[in-house]
1. Go through (1) open to solvent by less than 10 Å² (accessible area, probe 1.4 Å); (2) more than 20 Å from LYS99 (Cα to Cα) for PRO149 and report which single condition fails.
2. Go through (1) crowded, with 17+ Cβ neighbours inside 10 Å; (2) farther than 30 Å from GLY185 by Cβ; (3) modelled with pLDDT of 95 or more; (4) charged (D, E, K, R) for ASP67 and report which single condition fails.
3. Can you work out which of the residues in segment 158-181 that are of a type in the set (D, E, K, R) and surrounded by 24 or more Cβ atoms within 10 Å (Cβ to Cβ) is farthest from LEU11 (Cα to Cα)?
4. Being of a type in the set (D, E, K, R) and modelled with pLDDT of 95 or more narrows it down to one of ARG178, ARG129, ARG142, so name that one.
5. Condition first: touching a Lys or Arg at 6+ places or on another chain (Cβ under 9 Å), open to solvent by 60 Å² or more (accessible area, probe 1.4 Å), of a type outside the set (A, V, I, L, M, F, W, C) and at pLDDT below 95. Can you find one or more residues in segment 93-110 that meet it?
6. From the residues in segment 187-223 that are in a loop (DSSP other than H, G, I, E, B) and modelled with pLDDT of 90 or more, which one is nearest to TYR157 (Cα to Cα)?
7. So which pairs qualify, if the first residue must be in segment 70-85 and closer than 16 Å to PHE160 by Cβ, the second must be at pLDDT 95 or above and assigned to a helix (DSSP H, G or I), the Cβ gap must be under 7 Å, and the two must be at least 6 apart or on different chains?
8. Based on what the data block shows, is TYR153 modelled with pLDDT of 95 or more and either assigned to a loop (DSSP other than H, G, I, E, B) or within 16 Å of the chain's Cα centre (by Cα) (or both)?
Amino acid sequence: MRSEVHNIDCLEYMRTLPDKAFTLAVADPPYGVDYARGKNGFGVTVDKLPTREDTKWDVVPDKAFFDELLRVSENVIIWGGNYFTHLLPVSKCWLVWDKCNGMENKSVFADCELAWTNMTKVVKMFSMRQLGFISETTDGDRIHPTQKPTELYGWIYRTFSIEDATIFDPMMGSQSSRIAAYKMGFDYIGCEIDEEYFTKGCERFDRECRGITKTKSGRVLIQPSLFDNVIRDPFAAINVQKK
């Protein structure tokens, strides 16, 4: 099973690929709605989070990105599609992530998120509670301002993927999409331009999927039971760093 990730500009990478290189592409581009309303780009002040200049990443991609994405994948899903309607064709099939906030939500957080698709299926909805940091997900610590649940990607793959599919995520951030693909047995390729998010995402993937934890001192710990008591190379994952 292939699980390959690149610390690179996704547009640069996609331009090296042939048409329809992937079965399914699932993208979560920046929406351009200024997530840095508060400290750390989460819309609120949260002292426990590391400080980042989050306004820099929150820029809507230009049309070239969407054109390339539609070229390299047979099926395409784009979260935040309602922000990009001026750059995308009309869609019949939209995905709805209902965050189950109900009447309790009087904050700036959305009740749901919408994803555009190029498919001709009916509208589909996934429900999972998430209101800011209140979430039903089984994921660990949040490492990206727009991190989506692994369960959401698992639902997408079950609903839209076919056997032997190759999945592509051009802006994988926390690598939720990669973790879900790995656990479900799909081949996967992902890109992330931010070196810090790339590193943290790879560490999260190794921890959740391979039982590999790297301590602050640099020591690598492996849970032997996950590997049938066979010692294997802890760096066997294909993590391609940009030069």
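The values are calculated or read from the model by the stated rules, or taken from the named source; none is laboratory data. Fair warning: this is a prediction, and the values are worked out from it, not measured in the lab. Here the Cβ positions follow ideal geometry from the backbone for every residue, glycine too, while neighbour counts run over all protein chains shown. For accessibility, only protein heavy atoms count, side chains too; no ligands or nucleic acids. Shrake-Rupley method; radii C 1.70, N 1.55, O 1.52, S 1.80 Å.
1. The number of the failed condition is (2).
2. Only one criterion in (1) crowded, with 17+ Cβ neighbours inside 10 Å; (2) farther than 30 Å from GLY185 by Cβ; (3) modelled with pLDDT of 95 or more; (4) charged (D, E, K, R) is unmet by ASP67, namely (1).
3. Within segment 158-181, the subset of a type in the set (D, E, K, R) is 158, 163-164, 169, 178.
Now narrow it down to the ones that are surrounded by 24 or more Cβ atoms within 10 Å (Cβ to Cβ): 169, 178.
Working: ASP169: 12, ARG178: 19 Å.
If we take residues in segment 158-181 being of a type in the set (D, E, K, R) and surrounded by 24 or more Cβ atoms within 10 Å (Cβ to Cβ), then ARG178 is farthest from LEU11 (Cα to Cα).
4. Numbers: ARG129 fails: modelled with pLDDT of 95 or more; ARG142 fails: modelled with pLDDT of 95 or more.
Step by step, each of ARG178, ARG129, ARG142 is checked, and only ARG178 is of a type in the set (D, E, K, R) and modelled with pLDDT of 95 or more.
5. Scanning segment 93-110, I find no residue that is touching a Lys or Arg at 6+ places or on another chain (Cβ under 9 Å), open to solvent by 60 Å² or more (accessible area, probe 1.4 Å), of a type outside the set (A, V, I, L, M, F, W, C) and at pLDDT below 95, so the answer is no.
6. GLU192
7. VAL76/LEU69; VAL76/LEU70; ILE77/ILE156
8. Values: modelled with pLDDT of 95 or more: yes; either assigned to a loop (DSSP other than H, G, I, E, B) or within 16 Å of the chain's Cα centre (by Cα) (or both): yes.
The answer is yes for TYR153.
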